[in-house]
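The values are calculated or read from the model by the stated rules, or taken from the named source; none is laboratory data. No experiment lies behind these values; they were computed from the predicted model shown. Cβ placement follows ideal geometry from the backbone for every residue including glycine, while neighbour counts extend to all protein chains displayed.
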Amino acid sequence: MALTESLTRRGSQLPDATPLLDARNIHVAFGKRRGRKPVIDAVDLQVHAGEIVGLIGESGSGKTTIARAVLGLAPVAGGQIHVAGEEVTGFSGSQWRDFRRRGVVQYVFQDPLRSLDPDVLIGDSISEPLRIRGGFSKDEIKAAVCAQAAEVRLDEGLLDRFPGEISGGQRQRAAIARALITEPKLIILDEPVSALDAATRVQVLEMLLSLRSDSVGLLYISHDIGSVIGITDRTYVLYRGKVVEHGSTRMLGTEPKHIYTRLLIGSTPTLTGKALDGAQRRELRDELEALTV
Amino acid sequence: MVDLAIAEEQIAVQVSDLRIRGTVPDTELVRGVSFTLPRGGTLGIVGESGSGKTLTCAAVLGILPKQVERSSGTVEIFGRDTANFGKQEWVDVRGNIISAVFQDPGSYLNPSIRLGRQINEVLRVKKGLSRKQAKQETLRLLSAVHLRDPELVYDQYVHELSGGMLQRVVIAAAIAPGPKILIADEATTALDVTVQAEVLDLLTELKEREGLSLVVVSHDLAVVAQICDEVLVMRSGAVVEHGSTTEVLHSPQDDYTRLLISEHERYGLDRIIDSERLAVA
């Protein structure tokens, strides 16, 4: 099918289909009265089916706050968020609970040791979203867990172990399997490989690339431009709560326009030493400061 | 005071066949590490968590945790074997000759004492300066690590500064007594890349200006490649690769080193970056 093909082709221009995640003019602020501080300022962000979209920025830039706003965990002060065609801004508490139970959006955190219950077997952790949703027989649940474990390349023998008994990479794959089991439309991955060693990082990134399908959209949040460049099609660059640049990831890497993106890419250490030198970075930083004052 | 003939000695640190054992349970954690850090040189140690990088550094600094001990091998600092150092000798050597900075700067500073006073204390204890001299020297050090407003930082507390600024304060404290060797153990890992680049610049500058010999420990080969002349790649307590940075990057001998390099080539910026397009025109 031509449409899906063009959707899944990396770096392709996407046709004007309804996005899975459509955030328009999002504002988030924390604090009260005089102490109120805007954290997210007029952010537009879309994720289409079949896409892996990157969201990059330094610590405190608001990456995780955007993800939390999508899930109803951060207060949205203005703008609209549509998830899979459904407007979620303005949901009541019970609407949120129902929405989350359906598992349309799933969230994978940085540290699987903290996101998986240490006293629950890996297999039971993976099946938990299905048990919460209800309506499945034991056999159906077991079959689904095994199928999911195979998809994330997690050995079936590990399902009967506790999180403390398996490696970091295996734990992160288990956390991803748990996110996938509800067949979500949108998966938000918040620094999923930052806590992993080089060898396991490669395996998890390869596994994430294999998840690309016509029906799912992935939002990949990271401070690490390396992994973002490696797996995403499009990227949003967040700086102090604002999207300062967005576009095809490759273009951002080769021809970054905004000063912050140039500084970010020029500061990233590379093996070939192609990053900018100290004096060049200082110039960029001075320009950036002049811009934000 | 330890009498180290450091003026003539050209080798800052010499580690030979260092082995470290954990006593509970009885396991060998570091298996035969050897390296030489020449005066003014920069050595990088790369490896994943648990590979023994930090234990190797702890052995050089004489700060191995309890239940972990050196089982064989020698560590020499400017030609002196540290095996027989007593408590006083270590006190004399640490800070004055060898110093270290670690990953999380916030946890090495006291949250309830102003930052300036914490560096002051180092100077008064280690160098015997008066209050007034110590304050002047602290302000000089704070500006040497490129903190914009040394007077302001002097009176600030830990919670008032960002991670990158705190790491500069810790580096200032580490170089305060004028050490000849500095160990930076994952010193830039918790920082944003733009800040990481600044701290790496600072280390390079200090190396050149103060003649420091540097040991840079990182899980990221690219960080080490930025500033080191020589690289040691560790895995499961053993050295799997050792050579000049160019040699290791261009003709890696070990599979693990190849994997570290291919990760950057496949998922890193290396494929596409073009520095000419980044700089201010």
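Does segment B:156-163 contain any residue that is in a helix (DSSP H, G or I), touching a helix residue (DSSP H, G or I) at 6+ places or on another chain (Cβ under 8 Å) and exposed (fewer than 15 other Cβ atoms within 10 Å of the Cβ)? Explain how you work it out, then say what you get.
Residues of segment B:156-163 that are in a helix (DSSP H, G or I), as a first pass: B:158-160, B:163.
Then keep just the ones that are touching a helix residue (DSSP H, G or I) at 6+ places or on another chain (Cβ under 8 Å); that gives B:158, B:163.
From what is left, the residues that are exposed (fewer than 15 other Cβ atoms within 10 Å of the Cβ) are none.
Checked against the condition, which is being in a helix (DSSP H, G or I), touching a helix residue (DSSP H, G or I) at 6+ places or on another chain (Cβ under 8 Å) and exposed (fewer than 15 other Cβ atoms within 10 Å of the Cβ), segment B:156-163 yields no hits at all.
Which members of segment A:276-288 meet the condition of being at the interface with another protein chain (Cβ under 7 Å from one of its Cβ atoms), crowded, with 17+ Cβ neighbours inside 10 Å and in a helix (DSSP H, G or I)? Break it down into steps so the answer makes sense when it comes.
Residues of segment A:276-288 that are at the interface with another protein chain (Cβ under 7 Å from one of its Cβ atoms), as a first pass: A:276, A:278, A:280-281, A:283-284, A:287.
Keeping just the survivors that are crowded, with 17+ Cβ neighbours inside 10 Å gives A:276, A:280-281, A:284.
Correct list: A:280, A:281, A:284.
Output the residue which, of all residues in segment B:23-51 that are assigned to a strand (DSSP E or B) and among the β-branched types (Val, Ile, Thr), is farthest from the other protein chains (Cβ to nearest Cβ). Before you say what the answer is, go through the steps one by one.
Step one: list which residues in segment B:23-51 are assigned to a strand (DSSP E or B), which gives B:27-38, B:42-47.
Going one step further and asking which of them are among the β-branched types (Val, Ile, Thr), we end up with B:27, B:30, B:33, B:36, B:42, B:45-46.
Values: B:27: 18, B:30: 18, B:33: 19, B:36: 24, B:42: 14, B:45: 14, B:46: 9 Å.
Taking the candidates together, the pick is B:36.
Determine whether segment B:193-207 contains at least one residue that is buried (at least 20 other Cβ atoms within 10 Å of the Cβ), touching a strand residue (DSSP E or B) at 6+ places or on another chain (Cβ under 7 Å) and either in a helix (DSSP H, G or I) or away from chain A (no Cβ under 11 Å) (or both).
Scanning segment B:193-207, I find at least one residue that is buried (at least 20 other Cβ atoms within 10 Å of the Cβ), touching a strand residue (DSSP E or B) at 6+ places or on another chain (Cβ under 7 Å) and either in a helix (DSSP H, G or I) or away from chain A (no Cβ under 11 Å) (or both), so the answer is yes.
Sort through A:201, A:234, A:178 and tell me the only one that's under 26 Å from residue A:118 (Cβ atoms), more than 13 Å from chain B (Cβ to nearest Cβ) and surrounded by 19 or more Cβ atoms within 10 Å (Cβ to Cβ). Lay out the reasoning, then the answer.
Working: A:201 fails: more than 13 Å from chain B (Cβ to nearest Cβ); A:234 fails: under 26 Å from residue A:118 (Cβ atoms).
Answer to the selection: A:178.
When you scan segment B:9-23, do you find a residue that is of a type in the set (Gly, Ala, Ser), in contact (Cβ under 8 Å) with a residue 60 or more places away in the chain and within 30 Å of residue B:205 (Cβ to Cβ), even just one?
Scanning segment B:9-23 turns up at least one residue that is of a type in the set (Gly, Ala, Ser), in contact (Cβ under 8 Å) with a residue 60 or more places away in the chain and within 30 Å of residue B:205 (Cβ to Cβ).
Any residue that is touching a strand residue (DSSP E or B) at 6+ places or on another chain (Cβ under 8 Å) and basic (Lys, Arg) - is there at least one of those in segment A:208-215?
yes
Which one of these does residue B:148 not meet: (1) under 18 Å from the mean Cα position of the chain (by Cα); (2) within 24 Å of residue A:259 (Cβ to Cβ); (3) outside any helix (DSSP H, G or I)?
Unmet for residue B:148, out of (1) under 18 Å from the mean Cα position of the chain (by Cα); (2) within 24 Å of residue A:259 (Cβ to Cβ); (3) outside any helix (DSSP H, G or I): (1).
So which residues in segment A:46-80 are within 25 Å of residue A:194 (Cβ to Cβ), of a type in the set (A, V, I, L, M, F, W, C) and out of contact with any His (no Cβ under 8 Å at 6 or more places or on another chain)?
Result: A:47, A:52, A:53, A:55, A:66, A:67, A:69, A:70, A:71, A:73, A:74.
Assess whether residue A:207 counts as being under 16 Å from the mean Cα position of the chain (by Cα) and of a type outside the set (Ser, Thr, Tyr). Talk me through it step by step, then tell me what you get.
Values: under 16 Å from the mean Cα position of the chain (by Cα): yes; of a type outside the set (Ser, Thr, Tyr): yes.
Judged against the criteria, residue A:207 is a match.
Got a number for residues in segment B:137-172 being acidic (Asp, Glu) and touching a Leu at 6+ places or on another chain (Cβ under 6 Å)?
Residues meeting the conditions: 1.
Return yes or no: is residue B:276 at pLDDT below 90, of a type in the set (D, E, K, R) and crowded, with 21+ Cβ neighbours inside 10 Å?
Answer is no for this residue.
Just the residues that are assigned to a loop (DSSP other than H, G, I, E, B) and free of Cβ contacts under 8 Å to residues at least 40 places away in the same chain, please, taken from segment A:24-49. Walk me through how you get there before you give the answer.
Going residue by residue through segment A:24-49, those that are assigned to a loop (DSSP other than H, G, I, E, B) are A:31-32, A:36, A:48-49.
Passing the criteria: A:31, A:32, A:36.
To keep it simple, each residue is scored yes or no on (1) within 11 Å of chain A (Cβ to nearest Cβ); (2) free of Cβ contacts under 8 Å to residues at least 24 places away in the same chain.
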{"site": "B:210", "(1), (2)": "no, no"}
{"site": "B:214", "(1), (2)": "no, no"}
{"site": "B:221", "(1), (2)": "yes, no"}
{"site": "B:241", "(1), (2)": "no, yes"}
{"site": "B:244", "(1), (2)": "no, yes"}
{"site": "B:249", "(1), (2)": "yes, no"}
{"site": "B:265", "(1), (2)": "yes, yes"}
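Give the number of residues within segment B:227-247 that are within 15 Å of the chain's Cα centre (by Cα) and surrounded by fewer than 18 Cβ atoms within 10 Å (Cβ to Cβ).
Adding up the residues that qualify gives 1.
With a cut-off of at least 1 residues that are of a type in the set (S, T, N, Q) and modelled with pLDDT of 90 or more, name the strands (runs of 3 or more DSSP E) lying wholly within segment A:50-114.
Working: elements: A:52-56, A:76-83, A:105-108.
Correct list: A:76-83, A:105-108.
Residue by residue through segment A:238-275, note down the ones that are more than 22 Å from residue A:41 (Cα to Cα), in contact (Cβ under 8 Å) with a residue 12 or more places away in the chain and at the interface with another protein chain (Cβ under 7 Å from one of its Cβ atoms).
A:250, A:253, A:265, A:266, A:267, A:268
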